[in-house]
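J.: Handing you this structure, nothing more for now.
Where a number appears in this text, it was derived from the coordinates with a stated rule and is not lab data. Only a predicted model underlies this, so the values are computations on that prediction, with no experimental measurement involved. We place every Cβ from the backbone using ideal geometry, glycine too, and count neighbours over all the protein chains shown.
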Amino acid sequence: MADIDNKDQAEVDPADMEDVEEVEEDETGEDENSKARQLTVQMMQNPQILAALQERLDGLNGSPSGYIESLPKVVKRRINALKNLQVKCAHIEAKFYEEVHELERKYAALYQPFFDVRSNIVKAAYEPTDEECEWKADEDEELTDEMKEKAKLEEEKKDEEKEDPKGIPEFWLTVFKNVDLLSDMLQEHDEPILKHLQDIKVKFSDPGQPMSFTLEFHFEPNDFFSNTVLTKTYKMRSEPDESDPFSFDGPEIMCCTGCTIEWTKGKNVTLKTIKKKQKHKGRGTVRTVTKTVPNDSFFNFFTPPEVPENGELDEDSEAVLAADFEIGHFIRERIVPRAVLYFTGEAIEDDDDDYDEEGEEADDEEGEEEADEENDPDYVPKDAAPPAECKQQ
């Protein structure tokens, strides 16, 4: 048997042996490449490694390349000239926004007659004609004349069975309740008051005066306060900050002022009375003390935090003012011009559609991620209650 093996080895051509060795080396190289690819795939599937890579990449984004520092002094001088030009452009942009404000004032005067009619219809000061009330909805196109007549008779029968309301009841309250930004401010005790809200108007500053706008909330006589109009004024600035001119991005609200609400005694919903028991340390006797403390209410909107002369605010006041500015802009730019569409909910659907178009992909990815997390037996929800020792800290 050994002789046969030796004979077989003797008959093998040396060139063939070299080929075999080369093939074996190539196969070994492919195995190593395959293992490397598998290792890379495994690493990229590791969330901790991916997070570390992402953090590293985020740190690189926006970091200076060092190119500017390496430039000769003469080139840096020219860059400074470009920056000075940019400051001049910012001042021209400020003038542009001032003219935009003038256009807003001009067109506000053109809109106002229509808003006045809207207000009169809402508060039953004007009854629109049949022609003004005619509205052809999309679904009406598919209805036959017979179906339309039947629907009209049924609608008239319903109207006969109930009282004839005046105007459009709870118009503005419904608008507020339909908009998340405003409904978050509403409390149950605010609703009876807002049923008396008849109109919201926007008034712009006069020509030549500092840029500002005022929101006017018009109320019918009620048992809660004697004011017929509550106001909120927002003062804006449309000029670059000398200390940071490149941060200019259009007019910004600098401060806002509310008004004094003349509450009827016992009707002030921005305050509440609480009773607190106090125990005397020496005698051990207990007494009940009545205190008046602030209460959550939409009407706190008319008493915003005051901005000190130095402009410095604590974090809570800054957060309140930031939200206040957002609400003021939203009422001015969206609610007042399109109130009926927020009353019916159509404007809300349009807002949602706009959001879905921009955020649909992100939402899908988030949903997939949440599904993966829920299927993971080791997954702990972010909002899970912390351990007791964490709560005590």
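J.: Give a residue-ordered list of calculated ³J(HN,Hα) values for the stretch 182-191 (Karplus: 6.51 cos²θ - 1.76 cosθ + 1.60, θ = phi - 60°; whole Hz; x for Gly, Pro).
T.: Each residue of the stretch 182-191 in turn: 8, 5, 5, 8, 6, 10, 4, 6, 7, 4 Hz.
J.: Name the residues whose placed amide hydrogens come within less than 5 Å of the amide hydrogen of Cys255, ignoring near sequence neighbours (fewer than 5 apart) on the same chain.
T.: Residues meeting the criterion, in which the H sits 1.01 Å from N, are Lys235.
J.: Which parts of the stretch 259-286 would a label at Glu191 reach, counting a residue when its backbone N lies under 18 Å from a point 7 Å out along Cα-to-Cβ?
T.: Flagged as within label range: 269-270.
J.: Further, regarding this structure: Obtain the nm distance between the two label points defined at Arg287 and Ser70 by a simple spin-label model: each point lies 7 Å from its Cα along the Cα-to-C-beta direction.
T.: With each label placed 7 Å out from Cα toward Cβ, I get 7.9 nm.
J.: Something else: Hey, what D do you get for the stretch 205-345 in µm²/s if you plug the Kirkwood alpha-carbon radius into Stokes-Einstein at 25 °C and 0.890 mPa s? Please report the intermediate quantities before stating the final value.
T.: Numbers: Rh = 18.7 Å.
My calculation gives 131 µm²/s for D.
J.: A further question on this structure: Starting from the stretch 168-238, pick out the trypsin sites (Lys or Arg not before Pro) whose DSSP state is loop and whose Cβ has at most 10 other Cβ atoms within 10 Å. Walk me through the numbers before you get to the answer.
T.: Numbers: sites: Lys177, Lys195, Lys201, Lys203, Lys232, Lys235, Arg237; in loops: Lys195.
Passing both the DSSP loop test and the Cβ count: no residue.
J.: Measuring from label point to label point, each 7 Å out along Cα→Cβ, what is the Tyr111 to Cys133 span in nm?
T.: 2.7
J.: Mind scanning Lys203/Lys235; Lys95/Lys235; Lys232/Lys265 and naming the pairs with a C-alpha gap bigger than 20 Å?
T.: Numbers: Lys203/Lys235 12 Å; Lys95/Lys235 17 Å; Lys232/Lys265 23 Å.
Exceeds cut-off: Lys232/Lys265.
J.: Within 10 Å of each candidate Cβ there may be at most 16 other Cβ atoms; applying that plus a DSSP loop requirement, which GluC sites (Glu not before Pro) in the stretch 246-337 survive? Write down the numbers at each step before the final one.
T.: Working: sites: Glu252, Glu262, Glu306, Glu309, Glu312, Glu315, Glu318, Glu326, Glu333; in loops: Glu262, Glu306, Glu309, Glu312.
In loop regions of the stretch 246-337 (DSSP not H, G, I, E or B), the sparsely surrounded GluC sites (Glu not before Pro) are Glu262, Glu306, Glu309, Glu312.
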